[in-house]
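**Student:** Handing you a structure now.
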Amino acid sequence: MRIVRNVVALLVAVVCLALPALKSGTAQAATTRTDGVVADLTWYISHADMDRSVAMMATAGVKTVRANINWSSLEPTTKGQIDAWWLGEIDYAVAKLNSAGIQVLMPIADGVPYWASADPARYQDGSGNHWNNLWKPRLMQDYADFAQTIVRRYSAQGVHAYEVWNEPNYSHFWPSGPSAADYTTMLRAAYPAIKSADPSATVLMGGLSRNDYTFLQAMYAAGARPYFDAAAVHPYTGAIDPTVCWNASGSTMRAIDAFCAIESVRTVMVNNGDSAKNLWLTEFGWSTATATSNGVTEAVQADYLTKAFKWLDQYPYVTHAYWYAGRNLYWGNNNQSDIESNYGLVRVDFSTKPSYDSFKSLHGATAPTTTTTAPPVTTTTPTTAPPVTTPTTVAGGDVTAPVLSGIRVANLTQTSGRVYWTTNESSDSYVEYWVTGGAVKSTSSATRVLNHSLSLSFLTRITTYNYRVKSKDAAGNLVTSAVYTFTTKA
């Protein structure tokens, strides 16, 4: 997910005016690059929206999709216990992409479960587990083992590209403090685990925030070279035109905020003996949030998209490029003041922006005769509950899962609430809750009861949360509810 840093666009523009003109990005012949988008297929959307999204991407000529795998959602409570419902959702998304002939890149990123976290501030109380789920794992081998499980499953479904984490050079995604040496320990554990599950896999280093060739050089110094097959960067420029190119102050290297600093990333790769490796742009784009200095108009977004993909034609070592994003973040409701919510080629309601037609035109499809110009919607999109998970049963003896009833939330305040439900037999209690698009948190009780009650704390005021309950009986039969919502008080 894109987390925006402030860029002083005006200052950069003034500096660029003083620089000599640099090479054009349109001088090369047609590229053999594989271009795609970052999609929300694995971010809690309904099957109907998955179907619609894949169809629109296929029509636009998307050849590859970056679809994230969240460790904390898939292995939330115990090592080796994988959430069957979540696997089903990912299976569905991969099958739809396969049927459309769209390749898949899977970043294994953005979520360390409580049991595996090294967060020094993590704690448990009566309301559950509390931790920063982006904090690095306590044991990198736990991450590697999970990655191996994912790769073993999805290589069999045609996925052969995996990204180890996301933006490890940015404190949001590495809150213990970005460290090339620290991140290299993750690569060192994950690479052989992934390769053992799929020897043909392409293993990418986690895409670096901006063209951060300094962090890449530090990775090489830490011994990372044998542990990735391709480098990856996210060359965001804020609101700056991708064809505007300038050097870092007092340096012959490009400024990392310039799109053309791809060249300096390549220089570092070549200087470290990695000229045979390719470079993937696993995120880049421009937001149409016009209420901020880092946003652009929809017309400018379309123009920058065309310029950026054409500029990339001069770099034969850039073999894959992913526009962020396919769709505006649905939980942002097209709020034009939110930079993060407006990078999409289409709006939340799937109406197209001009950039969608630009992508479609560039990638071999015929642009539509008319362009959808409906204004962004501002109403809240209701949460669609996924189907109830098929109960998991054990062989022999009791094979009937508990029956859930009376699921509700009460005692809501600005920051807390309590979830209640009943079962027809004594069972343990488990609640998962999350803000749409965010990480899943959980709370549980191993005491087997008929009347279940769990507290949720440290919530955010005036915020809508999704939640679901689970119960497991003494024989190990598990049942999972549908997804419901509640909203905290003002």
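**Student:** So if I check each of ARG254, ARG266, ARG225, which one is at pLDDT 95 or above, open to solvent by 10 Å² or more (accessible area, probe 1.4 Å) and touching a helix residue (DSSP H, G or I) at 6+ places or on another chain (Cβ under 6 Å)? Can you show your working first?
**Tutor:** Values: ARG266 fails: touching a helix residue (DSSP H, G or I) at 6+ places or on another chain (Cβ under 6 Å); ARG225 fails: touching a helix residue (DSSP H, G or I) at 6+ places or on another chain (Cβ under 6 Å).
Only one candidate passes the filter, namely ARG254.
**Student:** Which condition breaks for ALA321 when tested against (1) of a type in the set (A, V, I, L, M, F, W, C); (2) open to solvent by 20 Å² or more (accessible area, probe 1.4 Å); (3) not in a loop (DSSP other than H, G, I, E, B)?
**Tutor:** (2)
**Student:** Listed residues GLU298, GLU283; which is at pLDDT 95 or above and closer than 17 Å to SER351 by Cβ?
**Tutor:** Details: GLU283 fails: closer than 17 Å to SER351 by Cβ.
None of the other options fit; the residue is GLU298.
**Student:** Related question: Could you say whether any residue in the stretch 93-106 is touching a Lys or Arg at 6+ places or on another chain (Cβ under 7 Å) and open to solvent by 50 Å² or more (accessible area, probe 1.4 Å)?
**Tutor:** Step one: of the stretch 93-106, the residues touching a Lys or Arg at 6+ places or on another chain (Cβ under 7 Å) are 102-103, 105.
When the remaining residues are screened for being open to solvent by 50 Å² or more (accessible area, probe 1.4 Å), the result is 103.
There is at least one residue in the stretch 93-106 that is touching a Lys or Arg at 6+ places or on another chain (Cβ under 7 Å) and open to solvent by 50 Å² or more (accessible area, probe 1.4 Å).
**Student:** Here's something else I'd like to know. Under 24 Å from LYS310 (Cα atoms) and without any contact (Cβ under 8 Å) to a residue 24 or more places away in the chain: does that describe ALA248?
**Tutor:** Numbers: under 24 Å from LYS310 (Cα atoms): yes; without any contact (Cβ under 8 Å) to a residue 24 or more places away in the chain: yes.
Against the criterion (under 24 Å from LYS310 (Cα atoms) and without any contact (Cβ under 8 Å) to a residue 24 or more places away in the chain), ALA248 qualifies.
**Student:** Can you find, within the stretch 265-316, the residue that is nearest to THR252 (Cα to Cα) among those that are part of a loop (DSSP other than H, G, I, E, B) and among the β-branched types (Val, Ile, Thr)?
**Tutor:** First, pick out the residues of the stretch 265-316 that are part of a loop (DSSP other than H, G, I, E, B): 272-277, 285-297, 315-316.
Imposing the further condition that a residue be among the β-branched types (Val, Ile, Thr) reduces the set to 288, 290, 292, 296-297.
Working: THR288: 32, THR290: 33, THR292: 31, VAL296: 29, THR297: 33 Å.
This residue is VAL296.
**Student:** Just one of the numbered conditions (1) at pLDDT 95 or above; (2) under 18 Å from ARG152 (Cβ atoms); (3) not charged (D, E, K, R) is not true of TRP86; which one?
**Tutor:** (1)
**Student:** When you go through (1) more than 29 Å from GLU340 (Cβ to Cβ); (2) of a type outside the set (Phe, Trp, Tyr); (3) open to solvent by less than 70 Å² (accessible area, probe 1.4 Å) one by one for ALA482, which number turns out not to apply?
**Tutor:** Among (1) more than 29 Å from GLU340 (Cβ to Cβ); (2) of a type outside the set (Phe, Trp, Tyr); (3) open to solvent by less than 70 Å² (accessible area, probe 1.4 Å), ALA482 violates only (1).
**Student:** Still on this model: When the stretch 115-143 is examined, which residues are found to be among the acidic types (Asp, Glu) and either surrounded by fewer than 18 Cβ atoms within 10 Å (Cβ to Cβ) or on the phi > 0 side of the Ramachandran plot (or both)? Spell out how you get there, then give the answer.
**Tutor:** Narrowing the stretch 115-143 to residues among the acidic types (Asp, Glu): 119, 125, 142.
Answer for the stretch 115-143, where residues must be among the acidic types (Asp, Glu) and either surrounded by fewer than 18 Cβ atoms within 10 Å (Cβ to Cβ) or on the phi > 0 side of the Ramachandran plot (or both): just ASP125.
The values are calculated or read from the model by the stated rules, or taken from the named source; none is laboratory data. Treat the numbers as computed from the prediction; the structure is a model and nothing was measured. Please note: Cβ atoms are built from the backbone with ideal geometry, for glycine as well, and neighbour counts cover all protein chains shown. Just the protein is used for accessible areas: all its heavy atoms, side chains included, with ligands, DNA and RNA removed. Shrake-Rupley method; radii C 1.70, N 1.55, O 1.52, S 1.80 Å.
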